[in-house]
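**Student:** Before I ask anything, here is the structure I am working with.
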Amino acid sequence: MIEAFWDVYEYDDFDECRRMYREDFMFCTASLYLHPNPSSIIWNKIQEYSQHPRHFDRRTKEVGKCFPLSFMQSKNISNIMEARLKTEAWEKYKLNSSVEVMECLSTIRSNMDVCRMNGIADVLFICCMVAIILMVILATAQDKIKSFFM
């Protein structure tokens, strides 16, 4: 079956990436597109399978890869991802491919996103708590005023 040799997506474990390269990681996602090769048995099976309306298109694959950030500093991530994924596609399936890098997340950006999310969550929590406390104080004051005049 096609699923056995061509998944719709293949991601490295993001949490494992963060553990391995604590202060020094880059995680990138990309789309890998297989190029048609009518003489390839694998391509013909993938093509036939992908054209069925109940199946996912196996001619493309979404991929997520983990890299140490220090490894990436002197190199272009797009070129590295493209070379690595093209090589893997050729080694596994003997099919040419092209790659489109979608997004990369590094240690720096990841930490900024966490700080930003924590900041927003903290502000929302404080606003909710202040609103609840004010409502309790107002309700108590209103009850005291009503009982005083009765």
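**Student:** Under 16 Å Cα to Cα from Lys86, which lysines show up? Leave out anything in the same chain fewer than 8 places away.
**Tutor:** Of all the lysines, those that pass the test against Lys86 - Cα under 16 Å, at least 8 places apart if same chain - are Lys61, Lys65, Lys94.
**Student:** Please give the length that would be gained between Val136 and Tyr11 if that part of the chain were fully extended, namely 0.36 nm times their separation in residues minus their C-alpha to C-alpha distance (nm, one decimal).
**Tutor:** 40.1 nm
**Student:** With θ set to phi - 60°, apply the Karplus curve 6.51 cos²θ - 1.76 cosθ + 1.60 along the stretch 52-64 and write out the HN-Hα couplings as whole Hz, x wherever there is a Gly or Pro.
**Tutor:** For the stretch 52-64, the Karplus curve yields 6, x, 8, 10, 6, 6, 8, 7, 10, 9, 9, 10, x Hz.
Read-outs: derived from the displayed coordinates by stated rules, not from any lab. These figures come from a predicted structure and were not determined experimentally.
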